[in-house]
Amino acid sequence: MKVKYLVNLIVLGIIATSLGGFLLKQPALASEDALPNNRTIQIYAHLLKDASEEEVNDYFQGEDDATLIIADKSGGYLSTLTNDVHSYSEVRDENGDLIERVSFDDETVATTIAEVKEYLQEQRQK
């Protein structure tokens with residue numbers, strides 16, 4: 001039991017360190033101090049920083065702007081069919097052990113497509 005707990009902590013630590021390293025290695029944005037405390041917006045601020053409004057709209061084509069999303073570092077995202085803030089997703093390792101649980105009610109992780117678009121629009125206007 002203790003070994004499994006330690007292994008889970010180590011795996012979680014590696015993921016947290018990797019994600020932190022990923023975010024730290026991102027090129028500085030012109031308004032880095034204004035970057036919101038939201039992982040999804042931070043990811044899209046980096047991945048779509050040079051995209052036009054049309055390209056951003058195409059990226060989220062077929063989704064309502066009110067849709068809650070959680071982005072992964074590659075630019076993909078999770079959404080709920082019902083926008084239920086109590087929904088969550090789990091990341092598990094190859095053994096089925098829980099690595100991370102992300103919830104749509106966590107404002108540091110989830111946001112709406114409209115909020116992503118609004119932030120990107122503000123950045124293009126600067």
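Key figures
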| quantity | calculated |
| --- | --- |
| Gain upon complete extension [R124, A51; 0.36 nm per residue less C-alpha separation] | 25.4 nm |
| In sequence order, calculated HN-Hα J values of the range 61-68 (Karplus, 6.51, -1.76, 1.60; Hz; x Gly/Pro) | 3, x, 10, 6, 4, 7, 5, 6 |
| Equivalent ellipsoid, the range 75-126 (semi-axes from 5 times Cα gyration tensor eigenvalues, Å) | 27, 14, 9 |
| Solvent-accessible area per residue, Å², over the range 82-126 with all protein chains present [probe radius 1.4 Å] | 63 |
| Carbon + sulfur, % of accessible area of the range 48-124 - ligands and nucleic acids excluded, 1.4 Å | 44 |
| Spin-label model distance (nm) - E107 vs N83, 7 Å beyond Cα toward Cβ | 1.7 |
| Label-point separation in nm, E63 to E100, each point 7 Å along Cα→Cβ | 1.6 |
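The values are calculated or read from the model by the stated rules, or taken from the named source; none is laboratory data. Because the structure is predicted, anything quoted here is derived from the model rather than measured. All Cβ positions, glycine included, derive from the backbone under ideal geometry; neighbour counts span all protein chains shown. Protein only, heavy atoms only, side chains kept; ligands, DNA and RNA dropped before computing areas. Shrake-Rupley method; radii C 1.70, N 1.55, O 1.52, S 1.80 Å.
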